[in-house]
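Chemist: Okay, handing you the structure first.
The values are calculated or read from the model by the stated rules, or taken from the named source; none is laboratory data. Because the structure is a prediction, the values reported are computed rather than measured. Neighbour counts run over all protein chains shown; Cβ positions are idealised from the backbone, glycine included. These accessible areas exclude ligands, DNA and RNA; they are computed on the full protein's heavy atoms, side chains included. Shrake-Rupley method; radii C 1.70, N 1.55, O 1.52, S 1.80 Å.
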Amino acid sequence: MNVDITGARIYFTIPVFGGIPITATVVNSLLVTLIILGLCIILTRGLKVRQVSKRQVVAEFLVETAQNFVNGNMGEKFAYYSPFVAALFASSLLSSLLSLVGLFPPTSDLSTTMAWAVIVFVLITYTKIRTGGVGGYLKGFTQPIAVLTPFNILSELATPISMAFRHFGNIVSGSVITSLVYAALAAASHALFAWLPGAAGEILGAIPVLQVGVPAVLSVYFDLFSSFMQAFIFCMLTTLYIASAADTEG
């Protein structure tokens with residue numbers, strides 16, 4: 001079974017389309033999309049004006065939270081970005097949380113976070129051009145002096161790269177640290193019990209007793225808190241960059 005550079009297992013390839021690989025990233029990203037779609041259908045079914053259900057209360061709370069987040073960071077004139085930001089947050093959070101059920105998290109694949117960052121970069125560029133025109137956008141690279149143009153271009157291109165690698169790096173680092181802790185606890189268990197004489201030492205030394213409980217504590221941070229924070233930070237940067245682009249003058 002082939003594995004790509006990010007560790008996403010290749011399930012199969014499609015020869016008729018030039019051998020396009022179908023990886024765990026593709027499959028699990030589709031799963032996340034279906035989960036979000038299912039939740040949207042469930043939460044928005046049978047909406048009422050009066051005597052609303054608990055399901056509708058949850059739906060209204062999520063919509064209001066997303067709207068307040070966008071309005072607070074971008075202003076009410078960018079309220080139409082709330083569905084995009086909410087979808088981005090949900091996709092990021094659920095993709096990272098797949099590790100809780102033993103599935104490969106798409107956010108551990110750089111291609112996933114890079115694709116999101118490129119979409120955000122396109123929106124940033126579009127906003128700058130819409131605000132100052134093509135001429136104003138190009139003129140912005142020469143500010144404050146023309147000699148800085150190459151550095152301004154590099155800075156512009158670094159935006160999506162930094163966003164993608166920040167999200168990807170934090171998720172992968174959590175997986176790596178957790179794996180190292182698992183391995184260290186297994187070795188510690190063996191060293192702790194293997195000194196016992198006879199079969200007792202062999203049996204107890206082979207059982208990773210110390211792996212019980214400790215990894216669960218790490219999971220609370222790396223799988224829950226870190227997943228939420230990375231999704232929040234990515235969306236925060238998205239809103240701030242787009243809002244800043246709208247204030248850019250040519």
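Chemist: Say we look at region 46-58 and pick out the residues that are open to solvent by 90 Å² or more (accessible area, probe 1.4 Å) and part of a loop (DSSP other than H, G, I, E, B); which of these is nearest to Pro83 (Cα to Cα)? Walk me through how you get there before you give the answer.
Modeler: Looking only at region 46-58, we keep the residues that are open to solvent by 90 Å² or more (accessible area, probe 1.4 Å), and these are 47-51, 54.
This time we only want the ones that are part of a loop (DSSP other than H, G, I, E, B), so: 47-51.
On the way: Leu47: 18, Lys48: 21, Val49: 22, Arg50: 25, Gln51: 26 Å.
Filtering region 46-58 for residues that are open to solvent by 90 Å² or more (accessible area, probe 1.4 Å) and part of a loop (DSSP other than H, G, I, E, B), the one nearest to Pro83 (Cα to Cα) comes out as Leu47.
Chemist: Is it the case, given these coordinates, that Ser95 is in contact with an Asp or Glu (Cβ under 6 Å, 6 or more places away or on another chain), among the hydroxyl-bearing types (Ser, Thr, Tyr) and part of a helix (DSSP H, G or I)?
Modeler: Answer is no for this residue.
Chemist: Right, another one. Taking region 59-75 on its own, how many of its residues are in a loop (DSSP other than H, G, I, E, B) and under 21 Å from Lys48 (Cβ atoms)? Break it down into steps so the answer makes sense when it comes.
Modeler: Taking region 59-75 as the starting set, the residues that turn out to be in a loop (DSSP other than H, G, I, E, B) are 75.
Next, only the ones that are under 21 Å from Lys48 (Cβ atoms) stay: none.
Of the residues in region 59-75, 0 are in a loop (DSSP other than H, G, I, E, B) and under 21 Å from Lys48 (Cβ atoms).
Residue-by-condition table, conditions (1) modelled with pLDDT under 90; (2) under 15 Å from Thr239 (Cβ atoms):
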position	(1), (2)
Gly19	yes, no
Val52	yes, no
Val57	no, no
Gln67	no, yes
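Chemist: Suppose we filter region 98-107 for residues that are open to solvent by 10 Å² or more (accessible area, probe 1.4 Å), assigned to a helix (DSSP H, G or I) and modelled with pLDDT of 85 or more; how many remain?
Modeler: 1
Chemist: So, one more: So Gly140 clears everything in (1) crowded, with 19+ Cβ neighbours inside 10 Å; (2) in contact with a Lys or Arg (Cβ under 8 Å, 6 or more places away or on another chain); (3) assigned to a helix (DSSP H, G or I) except one condition, right? Which one?
Modeler: Here Gly140 clears every test but (1).
Table: residues versus (1) out of contact with any Ser or Thr (no Cβ under 7 Å at 6 or more places or on another chain); (2) free of Cβ contacts under 8 Å to residues at least 60 places away in the same chain; (3) not aromatic (Phe, Trp, Tyr).
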site: Leu47; (1), (2), (3): yes, yes, yes
site: Ser53; (1), (2), (3): yes, yes, yes
site: Val63; (1), (2), (3): yes, yes, yes
site: Asn73; (1), (2), (3): no, no, yes
site: Phe78; (1), (2), (3): yes, no, no
site: Leu103; (1), (2), (3): yes, no, yes
site: Asp109; (1), (2), (3): no, no, yes
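Chemist: Going by what's in this entry, would Ser219 be described as surrounded by fewer than 12 Cβ atoms within 10 Å (Cβ to Cβ), at pLDDT below 80 and closer than 20 Å to Ser95 by Cα?
Modeler: No, not satisfied.
Chemist: Would you please name the residue that is farthest from Leu94 (Cα to Cα), looking only at residues in region 18-45 that are of a type in the set (Val, Ile, Thr) and open to solvent by less than 70 Å² (accessible area, probe 1.4 Å)?
Modeler: Filtering region 18-45 for residues that are of a type in the set (Val, Ile, Thr) and open to solvent by less than 70 Å² (accessible area, probe 1.4 Å), the one farthest from Leu94 (Cα to Cα) comes out as Ile22.
Chemist: Which one is surrounded by the most Cβ atoms within 10 Å (Cβ to Cβ), of the residues in region 155-182 that are free of Cβ contacts under 8 Å to residues at least 40 places away in the same chain and among the aliphatic types (A, V, I, L, M)?
Modeler: Val181
Chemist: Further, regarding this structure: Only one of these is of a type outside the set (Ser, Thr, Tyr) and at pLDDT below 85: Leu110, Leu180. Name it.
Modeler: Exactly one residue qualifies, and that residue is Leu180.
Chemist: Being within 22 Å of the chain's Cα centre (by Cα), at pLDDT below 90 and assigned to a helix (DSSP H, G or I) is true for just one of Thr33, Thr25, Thr6. Which residue is that?
Modeler: Step by step, each of Thr33, Thr25, Thr6 is checked, and only Thr25 is within 22 Å of the chain's Cα centre (by Cα), at pLDDT below 90 and assigned to a helix (DSSP H, G or I).
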